[in-house]
Amino acid sequence: MSGQLAIVGLGPGPADLLAPRAAAALESATDLIGYGPYLDRVPPRAGQRRHASDNRAELDRARHALRLAEEGHRVAVVSGGDPGVFGMAAAVFEAVEAHPPWRALTIEVVPGISALLAAAARLGAPLGHDFCAISLSDNLKPWETVLARLRAAAGAGFVIALYNAASRARPWQLGAAFGALRGVLPGDTPVAFATAIGRPDEAVSIATLSDADPARADMRTLVIVGTAATRAIPRPDGSCWLYAPRSASPVTA
């Protein structure tokens with residue numbers, strides 16, 4: 001098959017945080033496919049076709065991209081952050097597994113800066129010891145599974161990065177997640193809200209688990225929940241850096 005498919009991570013948003021390899025894949029593509037707001041981040045190029053779709057249409061989007069590649073096009077599927085971290089890479093390979101002829105295609109996953117890395121860099125070093133990422137979306141898994149993973153990760157001493165913390169369709173999950181974590185972690189555990197990192201409307205705030213307000217988050221927010229070992233370093237302007245010491249965090253359960 002002559003077509004090619006690149007699954008491209010756009011990073012957190014700013015052009016200077018887009019990897020050169022990702023920029024090259026976007027520039028060489030004949031067709032761009034992705035969620036509309038992500039496609040809007042890519043500068044238009046003459047002759048390049050765009051195929052926007054709804055945020056919940058990942059598998060249909062993947063199949064569309066693979067069909068275009070099968071026809072001989074150079075296709076780039078765009079993801080925010082890194083395509084392998086709650087991004088489009090998994091959807092593409094799910095489609096490939098179900099349709100063996102697509103296994104002959106040339107497919108490349110082009111990495112990007114994930115939201116957890118961009119947020120952590122802005123905050124200091126909150127991922128300095130063992131950490132994990134958990135999506136609060138229950139679209140593809142039961143909510144009880146989400147809660148079980150949250151409690152297990154907190155009890156094992158992992159810093160937790162929460163993806164898909166809130167949206168108009170899922171306004172309650174973050175509050176429920178905080179409630180579950182309060183049963184495991186101390187009330188003074190730091191919680192960071194990082195919204196639209198690197199973009200003009202960037203907002204970063206830090207609270208404790210006992211007073212963390214879910215209303216601070218929207219669909220652009222990455223939430224980082226520390227551990228009992230997480231440290232805050234106050235700064236003269238009233239802000240602070242967060243860091244996790246490289247020594248092991250104490251296990252709470």
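Can you tell me, using C-alpha contacts under 8 Å and at least 6 residues apart, the relative contact order of the chain as a whole percent? It would help to have the intermediate numbers written out before the result.
Working: 527 pairs, mean separation 50.0, N = 253.
Relative contact order here is 20 percent.
Can you pull the one-decimal nm distance between simple spin-label points at ALA196 and ALA215, each 7 Å off the Cα toward Cβ?
A separation of 1.9 nm, rounded to one decimal place.
Given Cβ point charges of +1 (Lys, Arg) and -1 (Asp, Glu) and nothing else, what value in debye, to the nearest 20, does the dipole of segment 10-142 about its Cα centre take? Can you show the working numbers first?
Details: 13 positive and 15 negative charges, 49 e Å.
That gives a dipole near 240 debye.
For SER135, which sequence-distant residues (separation of 5 or more, or a different chain) have an amide H within less than 5 Å of its own amide H, given hydrogens modelled in the peptide plane?
The list, which skips near neighbours in sequence, is TYR163.
Per-residue HN-Hα couplings for segment 147-153, Karplus 6.51 cos²θ - 1.76 cosθ + 1.60 at θ = phi - 60°, whole Hz, x for Gly and Pro?
4, 4, 5, 4, 5, 5, 5
Tell me which of GLY81, PRO37, GLY128 sits at the most positive position along the dipole axis of segment 34-131, charges placed on C-beta atoms (Lys, Arg +1; Asp, Glu -1).
PRO37
Taking θ = phi - 60°, what integer Hz values does the Karplus form 6.51 cos²θ - 1.76 cosθ + 1.60 yield along segment 221-229, in sequence order, with x for Gly and Pro?
Going residue by residue, I get 9, 9, 10, 10, 9, x, 10, 5, 8 Hz, with x marking Gly and Pro.
Can you give me the long-range amide H partners of LEU209? Hydrogens built in the peptide plane at 1.01 Å from N, cutoff under 5 Å, separation of 5 or more residues or another chain.
Under 5 Å from the amide H of LEU209 lie the amide H atoms of THR189, VAL191, each far enough along the sequence or on another chain.
So which trypsin sites (Lys or Arg not before Pro) in segment 168-248 pass both tests, a DSSP loop state and at most 15 other Cβ atoms within 10 Å of the Cβ?
In loop regions of segment 168-248 (DSSP not H, G, I, E or B), the sparsely surrounded trypsin sites (Lys or Arg not before Pro) are ARG168, ARG246.
At 7 Å along the Cα-to-beta-carbon direction for both THR208 and SER247, put a label point, then send me their distance in nm to one decimal.
Placing both labels 7 Å along Cα→Cβ, they lie 2.2 nm apart.
If the elastic network links every pair of Cα atoms under 10 Å, which of PRO37, PRO111, PRO234 fluctuates the most in the Gaussian network model of the chain?
Checking each option, the largest mean-square fluctuation is seen for PRO234.
Counting just the Cα atoms, what span does the chain cover along each of its three principal axes? Round to the nearest Å and put the largest first.
In descending order, the Cα extents are 56, 40, 35 Å.
Mind telling me which of ALA148, ALA192, ALA203 comes out most flexible in a GNM of the chain, alpha-carbon contacts under 10 Å?
Sorting by GNM fluctuation, first place goes to ALA148.
Considering only DSSP states other than H, G, I, E and B, which chymotrypsin sites (Phe, Trp or Tyr not before Pro) in segment 125-226 qualify as loop sites with at most 15 other Cβ atoms within 10 Å? Walk me through the intermediate numbers first.
On the way: sites: PHE131, TRP143, PHE158, TYR163, TRP172, PHE178, PHE193; in loops: PHE158, TRP172.
Answer by residue number: TRP172.
Could you give the dipole magnitude of the chain about its Cα centre, charging the beta-carbon of Lys and Arg +1 and that of Asp and Glu -1, in debye to the nearest 20?
Numbers: 24 positive and 23 negative charges, 13 e Å.
Its charge dipole is roughly 60 debye.
Express in nm, to one decimal, how much length is gained between GLU97 and ASN139 on full extension, taking 0.36 nm for each residue of separation and deducting their alpha carbon distance. Mind showing how you got there, number by number?
Details: separation 42, 0.36 × 42 = 15.12 nm, distance 2.10 nm.
So the extension gain works out to 13.0 nm.
Under a Cβ-only charge scheme (Lys and Arg +1, Asp and Glu -1), can you give me the dipole magnitude of segment 104-246 about the Cα centre, in debye to the nearest 20?
On the way: 13 positive and 11 negative charges, 22 e Å.
So the dipole magnitude of segment 104-246 works out to roughly 100 debye.
For the ranges 49-55, 123-129, what's the packing order if you count other beta-carbon atoms within 10 Å of each residue, average per peptide, and put the highest first? Could the numbers behind the result be given before it?
Numbers: 49-55: 14.0, 123-129: 21.0.
By packing density, highest mean first, the sequence is 123-129, 49-55.
Please say if segment 126-253 is rounded, prolate or oblate, where rounded means a/c under 1.5 for a ≥ b ≥ c the square roots of the C-alpha gyration tensor eigenvalues, and otherwise the choice is prolate for a/b larger than b/c and oblate otherwise? Walk me through the intermediate numbers first.
Values: a/c = 1.78, a/b = 1.09, b/c = 1.64.
Here segment 126-253 falls in the oblate category.
Read-outs: derived from the displayed coordinates by stated rules, not from any lab. What you see is a predicted model; the values in this text were computed from it and never measured. Glycine gets a Cβ as well: all are built from the backbone with ideal geometry, and neighbour counts include every protein chain shown.
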